[in-house]
Amino acid sequence: MLSIQQISKRYNNFFLNEISIDIKQGEYFVLTGPSGAGKSVLFEIIAGIINADSGAIFLNEINITNLAVQKRKIGLVFQDNTLFPHLTVKQNIKYPLKIRNFDHFEISKRVTEIADDMGISAILDRRTDSLSGGEIQRVSIARALAGNAEYLLLDEPLSSLDIQSKEELRILLKSIHKQGLTILHITHDQREAFQLADRMAVMVNGQIIQCDKPLQICKAPVSKFVADFIGFRNFYPVKLFSRNQLCINEKIIINSPQTIDKSDFIVLPEQALSINDVYDDISGENSFTGIIKEITYFPDSVELTLDIGLPMYKTLQQSDDLIDKLTPGLKVQISIDSSKIIFL
Amino acid sequence: MKIKTEGYQISWFNLALIILGGFALLFIIGPVLGMFLHSSPVKVLETVQDKEVQASIFRTLAIAFTGTLFFAIFAVPFAYILARKEFSGKRLITGIIDLPVIIPHTAAGIAILGVISRDSLIGKGAGLLGFQFVGHPAGIALAMGFVSIPFLINAARDGFLNVPVRYEKAALNLGASPIQVFLTISLPMAWKNVVSGFVMMFGRGMSEFGAVVIVAYHPLTTPVLIFERFTEFGLSYAQPVAVIFILICLLVFILLRLLSVKKVAR
């Protein structure tokens, strides 16, 4: 297990504030948050490239806080390309093995194995400046794995890739992880985080504000920021009329079967909203008339921008029969399932 | 306003730049070219066969090259420190490095002589070992090195500054020790600048006269030999030696440059 305990670091203009996380062996852990949150600095501290001002790091119960970077079995793939430009792809992968004085036969065997696993056998003799973004990431990961890293830290490995390369590398990362490697992965793409993470943490201004399984974070984001960051778009400030009735923006009144003690914001997740093109008979509880303002088509879904006195968003699957009947300006019935509302 | 020519246009400003730049270039080429044109090929050929000239050229090249190599052992790591580390007094030290370039080279020679003369601590120490810097190739190398080392330090420092720190961080993370990072990543990536600085230091060192003549008139280096022939026999005797030395300097300079380009292109 990798245990990060109360790590603090003042670095340039920001402060990493008492970060504590435990990452289990074999876990895929995603660290997410906006730019400048301190994610990359935390990774460099874990890898031993920079030292923390205070706190401790334990790897398999051994304190590695002051252990030299070369002696930690933690591979780091940087956000920017760090393939050595004066070496070929093969020489780059050989680098950690040659540094550790592996014999020639062992080096060749290991490079061949890793190149096969990573699908880069055909580019081993290429210069690194001729590689595509996806190839650079594959070679960088291969090089980190060549050094027998037990933990792999990936700093935004997919951020600069096109959609196809991103998908290919995502599948590759899943496959490496299935072989038992523990992976820590930084991303600011919530979709990527949910696709890969066993567990994830949201980091803002040098602090971890929520750390849990992705589903749990979706069900109960701890703040409006987290809800916004992980992709919820329908969140609204509310006032409580009673313990079973609340009002959004002083326009929409929602009755709730559950007792509400206190709430400043609510999130209406996708599953809390349903749309019906028959709007004449608004009789159900928590049903409202809305107008479709905009329809945005994606390859696998359709996003509706609705106006029910306040803006609201609903995503429908391409297979939904309703899609063909919807046009901008159409009046629709919108029902809110109050049992699925998330109270913040 | 633009001047129209057949294929393209030249603005007055660009024309002025070309003319002014041309004068600067002529200022460098003119005297050298003039010297070549005024030298009789027969005299140059005779001078090539002169044993004293041959010995002085070989001596100058050997001392300058060995000295540059020796000083590089200190200058390159120092340049790396200047590029990578922050410390108090760094600006002052950076200024001190350029000092030999701006002080008169005869004054530099006097300064060196003060440190290595027979009466100095170093001179006495060398004397105990049965050797003296003054009048010795080692003294010449020191004089050459003193005036030319800024070229190597500054070029190497710029080279190391051009190597992004992330490559060194990556190498550390891959298990390299700091010295392995320096030898396998930083130095190869800054190689072009280091070699360029080496060539500049070597070139500046072998052409040094002012500091060398004070530390060691003998054994004769070629710049001192040119001076000696000029003062004792006149311009026509000094010119062929100068022509030969310039040609050899150019040849060595081009060879070393080609070497550095090939190393980088690999």
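Note on region A:203-268: enclosed strands (runs of 3 or more DSSP E) holding 1 or more residues that are not assigned by TED's automatic domain parsing to the domain that holds A:LEU31 and not basic (Lys, Arg) are A:235-242, A:245-248, A:252-255, A:265-267. Condition test on B:LYS43, is it surrounded by fewer than 10 Cβ atoms within 10 Å (Cβ to Cβ) and at negative phi? Judged against the criteria, B:LYS43 is not a match.
A single member of A:LEU83, A:LEU97, A:LEU158 is within 17 Å of B:LEU174 (Cβ to Cβ), under 27 Å from the mean Cα position of the chain (by Cα) and either buried (at least 20 other Cβ atoms within 10 Å of the Cβ) or not assigned by TED's automatic domain parsing to the domain that holds A:GLU18 (or both), and it is A:LEU83. Just one of the listed residues (B:LEU15, B:LEU20, B:LEU45) is outside the structural domain of B:GLU228 (by TED's automatic domain parsing), farther than 30 Å from B:PHE146 by Cα, part of a helix (DSSP H, G or I) and modelled with pLDDT under 95, and it is B:LEU15. For region A:136-159, the set of residues classified as part of a helix (DSSP H, G or I) and free of Cβ contacts under 8 Å to residues at least 40 places away in the same chain consists of A:ARG138 only. Return a yes/no flag: does region A:23-41 have any residue that is closer than 30 Å to B:LYS192 by Cβ and basic (Lys, Arg). No: zero hits.
Residues of region A:257-295 that are modelled with pLDDT of 80 or more, hydroxyl-bearing (Ser, Thr, Tyr) and within 19 Å of A:LYS239 (Cα to Cα): A:SER287 alone.
Scanning region A:80-91 for residues that are at the interface with chain B (Cβ under 9 Å from one of its Cβ atoms) and not acidic (Asp, Glu) gives A:ASN81, A:THR82, A:LEU83, A:PHE84, A:PRO85, A:HIS86, A:LEU87. Yes or no: region A:53-75 includes at least one residue that is within 11 Å of chain B (Cβ to nearest Cβ), under 24 Å from the mean Cα position of the chain (by Cα) and not basic (Lys, Arg). Scanning region A:53-75, I find at least one residue that is within 11 Å of chain B (Cβ to nearest Cβ), under 24 Å from the mean Cα position of the chain (by Cα) and not basic (Lys, Arg), so the answer is yes. Considered as a group, the residues in region A:115-151 that are surrounded by fewer than 20 Cβ atoms within 10 Å (Cβ to Cβ) and charged (D, E, K, R) include one that is farthest from A:ASP162 (Cα to Cα), and that residue is A:GLU150. Within region A:255-274, being touching a residue at least 24 places away in the same chain (Cβ under 8 Å) and of a type in the set (Ser, Thr, Tyr) holds for A:SER256, A:SER263, A:SER274.
The values are calculated or read from the model by the stated rules, or taken from the named source; none is laboratory data. Keep in mind the model is a prediction, meaning the values are calculated, not measured. Counting neighbours? That spans all protein chains shown, and the Cβs are built from the backbone with ideal geometry, glycine included.
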